[in-house]
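Each remark here refers to the structure printed beneath this line.
Rule-based calculations on the coordinates, nothing more; no lab input. Model, not experiment: these values are computed from the prediction. A quick note on method: Cβ atoms are made from the backbone with ideal geometry, for glycine too, and the neighbour counts reach across all protein chains shown.
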Amino acid sequence: MVRCLGPALLLLLLLLGSVSSVGGNRCVDAAEACTADARCQRLRSEYVAQCLGRAAQGGCPRARCRRALRRFFARGPPALTHALLFCPCAGPACAERRRQTFVPSCAFSGPGPAPPSCLEPLNFCERSRVCRPRLLAFQVSCTPAPSAPDGCLLDQRARCLRAYAGLVGTAVTPNYVDNVSARVAPWCDCGASGNRREDCEAFRGLFTRNRCLDGAIQAFASGWPPVLLDQLNPQGDPEHSLLQVSSTCRALERRSLLSILPVLALPALL
């Protein structure tokens, strides 16, 4: 182990793996549960590597980043991927971590400093074979039910969250709008929508004024997935942490320390 990683790097990995034991942060717990699952961690590392990369023309490789994100939510264990996306937060530190879950600087916002009209990503989505069916599924799955107290029927909540997660990595990728609430929206507004402002507001309202979506997210938070308790190491066993580190040895041994620092920082950032 020392030959592979070195004492300093080993210590860094062990420290990053023990954050949740002192923070009581559900989003940290979700990240550690994903790390403990080989498939979840592999897919998560893939999208982080893509989204933190650099395109040949500068900026980030947005298309590759979003493709890796779609793969993460399509192939990762839903209980773990949804826990990362919908982890409940009681404070701004947790909420900011949740907001940063899928490297939004590349996958969500930009490339300009100001959000575009929502008509732009909507028009692109309607022409996309990837985005269009996902947006339609979201509209169908998250349509508020007038008879439901929270706007979402009991058997509708899981379908709504799956459909929402399916939009991450598309032209209309939604995310949390701040670190003081659980409000979500795509990176766009309706300030420059001209005579189609009503269409623009209707689209944005699918996220910002959707009682079913809000209710589904709240219900997920109140029924925190039991699978996370099995994935996490409740005793904080150092031997368990060492085994996790040793499993990454082969993948890291040919890479320099500088090249893997973004990956090592992953549990602290996401």
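If you rank L153, L69 by fewest surrounding Cβ atoms within 10 Å, what's the result?
Working: L153 17, L69 28.
The most exposed by this proxy come first: L153, L69.
Let's see if you can work this out: charge +1 on each Lys and Arg Cβ, -1 on each Asp and Glu Cβ, no other charges. What is the dipole magnitude of segment 19-235 about its Cα centre, in debye to the nearest 20? It would help to have the intermediate numbers written out before the result.
On the way: 28 positive and 16 negative charges, 156 e Å.
Computed about the Cα centre, the dipole is about 760 debye.
Would you kindly derive the ³J(HN,Hα) couplings of segment 149-166 from the backbone phi angles with the Karplus curve 6.51 cos²θ - 1.76 cosθ + 1.60 (θ = phi - 60°), listing them in order in whole Hz, with x for Gly and Pro?
Rounded to whole hertz, the list is x, 9, x, 9, 5, 4, 7, 9, 4, 5, 5, 5, 5, 4, 5, 4, 4, x.
With an 8 Å Cα cut-off and a minimum separation of 6 or more residues, compute the relative contact order for segment 19-235 in percent. Please list the in-between numbers first.
Numbers: 309 pairs, mean separation 54.5, N = 217.
Relative contact order for segment 19-235 comes out at 25 percent.
Give me, ordered by chain and number, the residues 5 or more places off S117 or on other chains with an amide H under 5 Å from its own placed amide H.
For S117, the qualifying residues are D189.
Which of rounded, prolate, oblate describes segment 91-179, given a ≥ b ≥ c as roots of the alpha-carbon gyration tensor eigenvalues and a/c under 1.5 marking rounded, otherwise prolate only if a/b is larger than b/c?
Working: a/c = 2.13, a/b = 1.20, b/c = 1.77.
Oblate, since a/c reaches 1.5 and b/c is not below a/b.
Going by the alpha-carbon gyration tensor, a ≥ b ≥ c the square roots of its eigenvalues, is segment 34-89 rounded (a/c under 1.5) or, if a/c is not under 1.5, prolate (a/b greater than b/c) versus oblate?
On the way: a/c = 2.42, a/b = 2.01, b/c = 1.21.
It is prolate, given that a/c is not under 1.5 and a/b is the larger ratio.
Name the long-range amide H neighbours of F102: under 5 Å, sequence gap of 5 or more, or other chain; modelled H, no Pro or chain starts.
For F102, no residues qualify.
How fast does segment 19-235 diffuse by Stokes-Einstein, in µm²/s, taking the Kirkwood radius from C-alpha pairs at 20 °C and 1.002 mPa s? Can you show the working numbers first?
Numbers: Rh = 17.8 Å.
Approximately 120 µm²/s, per Stokes-Einstein.
How large is ³J(HN,Hα), in whole Hz, for each residue of segment 79-88 in order, when computed from phi with the Karplus curve 6.51 cos²θ - 1.76 cosθ + 1.60 and θ = phi - 60°, using x for Gly and Pro?
4, 7, 5, 5, 5, 5, 7, 10, 4, x
Once amide H atoms are built 1.01 Å from N in the peptide plane, which residues 5 or more positions from N175, or in another chain, come under 5 Å H to H?
The list, which skips near neighbours in sequence, is A185.
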